[in-house]
Amino acid sequence: MRVPIVLVHGLRLSRSMWRPQLAVLASQGRTVVAPDLPGHGARRGEVFTLGGAVEAVRDAIDSVGGSALVAGLSLGGFVSIAAAAAYPERVAGLVATSCSARPVNGLAHMYRIPTALLGRLPDKGLAVNTRFHRLTLPADGAAAVLDGGLAMEAARSVIEEVTDLDVLGLLAAYPGTVWLINGARDHFRIHERLFLDACADGRLLVVPRAGHMVSLDQPELFTNIVADAADAVAGRAAASEDGPGSPA
């Protein structure tokens, strides 16, 4: 049995950021989908809300049979955690990447200031962000990010929606297995021990030579982690169905 996989993108980005993972996982015969969140990608122009984002993940899970491993990065990680807490029966396992930092007011304020400054530019900071991705990511990774467009206008509503999120409480509410994945150079791993302690069944993996965009800094390694997580979930589900007294 193969567990389907749902991939959830980060702030300002879109499903296109998962191009390397979508190609490889599909070539392995896996069912994998990557929805656009409200206000991003094909859904630009919509207002981002956390509830709407969780519904997008739920709908993606339902589109592949009603149960899936959910893997999200950054904003997508927070949304995936919220979806796992809201729909634990649908989330067979959770890969929360580049989101091991509590989005409390102090941290959020660090992002409100640059977001406000970028918002004053004629292009809302599009050129700055485009150049940033081209400078910090491999060429294929930058193309994957940029081809889906950058939703610069979504940042302010995202920050306001996520600031008061009780992410540790949501993690604690999810009974399934959680893989916390962080790049060694990522500033968003400052609370990773708290996140691990909050999980009912958690694992922490720190990826060497990777920053915030782990899936694009180390695409092959990240894809392997997601595939292994999906296989682990499938194996546990099969063992549970067989029961302890079943023949080998």
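What follows draws every value from the coordinates through simple rules; no lab data is involved. Quantities reported herein were computed from a predicted structural model and do not represent experimental measurements. FYI the Cβ positions are ideal-geometry reconstructions off the backbone, even for glycines, and counts take in every protein chain you see.
Between V64 and A173, what is the spin-label point distance in nm, taking each point 7 Å from the Cα along the Cα→C-beta axis?
Output for this residue pair reads 2.3 nm.
When only alpha-carbon atoms are used, what values of Rg and Dmax, in angstrom, describe the stretch 5-242?
16.6, 61
I'd like to know which of A184, A173, W18 lies farthest towards the positive end of the charge dipole of the chain, counting +1 on Cβ of Lys and Arg and -1 on Cβ of Asp and Glu.
A184
With no solvent and one point on each alpha carbon, what is the Debye value of log10 I(q)/I(0) for the stretch 13-92 at q = 0.19, 0.24 Å⁻¹?
-0.81, -1.24
For the pair T136/L204, report the inter-label distance in nm, with labels modelled 7 Å from Cα in the Cβ direction.
With each label point 7 Å from Cα toward Cβ, the separation is 2.3 nm.
Residues in the stretch 141-168 near a label at R102, defined as backbone nitrogen under 13 Å from the 7 Å Cα→Cβ point?
Answer for this model: 164-168.
Quick one: Debye curve from the alpha-carbon atoms of the stretch 122-248 only, equal weights, vacuum; give me log10 I(q)/I(0) at q = 0.16, 0.22 Å⁻¹ to two decimals.
-1.04, -1.32
Using the alpha-carbon atoms, what tilt in degrees (0 to 90, nearest 10) does helix 219-242 show relative to the longest principal axis of the chain?
For helix 219-242, the angle is close to 30 degrees.
Towards the positive end of the charge dipole of the chain, with charges on Cβ (+1 Lys, Arg; -1 Asp, Glu), say which of A230, S67, L204 has the farthest Cα.
The listed residue farthest towards the positive side: L204.
Top mean-square fluctuation among T136, T223, T31, Gaussian network model of the chain, C-alpha springs under 10 Å?
Result: T136 has the largest fluctuation of those listed.
Kindly express, to the nearest 10 degrees and within the range 0 to 90, the angle between helix 50-63's C-alpha long axis and the longest C-alpha principal axis of the chain.
Taking Cα atoms only, the helix is inclined about 40 degrees.
Going by alpha carbons, how many degrees (0 to 90, nearest 10) lie between the helix axis of 126-136 and the longest principal axis of the chain?
For 126-136 against the chain, the angle is about 50 degrees.
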